[in-house]
């Protein structure tokens, strides 16, 4: 168990570094792009064609082998029929994923009762920041 404890302490120490957070965010963004591609039934070949680049480049981009620039993320979002939003919040806050329900309510993953909201367009997810 000492090895596991050592590993956990190393991860905890690194989680607050810019390099770790940048890599984690890159993974989060590419996973979201892959989810959107699948839900919209768009393959990498079509995405490459619409972005005027090669399929190998798209594969490299989505595998983390190529840096995703803000410009490239906006171009991908445009192809997927989405807007891209980037937010800054204090370190003591944590990003929280909420599910937008058809009944005009939002519900965080760890919350038992839905929260009423005014307008909902569909069952897409929204990100909010909340205090931990």
### Pair list, Cβ under 8 Å, 6 or more apart: the range 4-30 residue within 29 Å of residue 70 (Cβ to Cβ), other residue part of a helix (DSSP H, G or I) and modelled with pLDDT of 90 or more
29/73; 30/61; 30/62
### Message
Looking at 86, 76 in this structure, which one is outside any loop (DSSP other than H, G, I, E, B) and in contact (Cβ under 8 Å) with a residue 12 or more places away in the chain?
### Response
76
### Summary
Scanning the range 55-73 residue by residue, those surrounded by 13 or more Cβ atoms within 10 Å (Cβ to Cβ) and farther than 23 Å from residue 14 by Cα turn out to be 55, 57, 58, 59, 61, 62, 72, 73
### Message
Anything in the range 1-54 that is exposed (fewer than 11 other Cβ atoms within 10 Å of the Cβ) and not in a helix (DSSP H, G or I)? List them, or say none.
### Response
1, 15, 16, 17, 41, 52
### Query
Is it fair to say residue 58 is within 15 Å of the chain's Cα centre (by Cα) and either outside any helix (DSSP H, G or I) or at pLDDT 90 or above (or both)?
no
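The values are calculated or read from the model by the stated rules, or taken from the named source; none is laboratory data. As the structure is a prediction and not an experimental result, all values here were calculated from the model. FYI the Cβ positions are ideal-geometry reconstructions off the backbone, even for glycines, and counts take in every protein chain you see.
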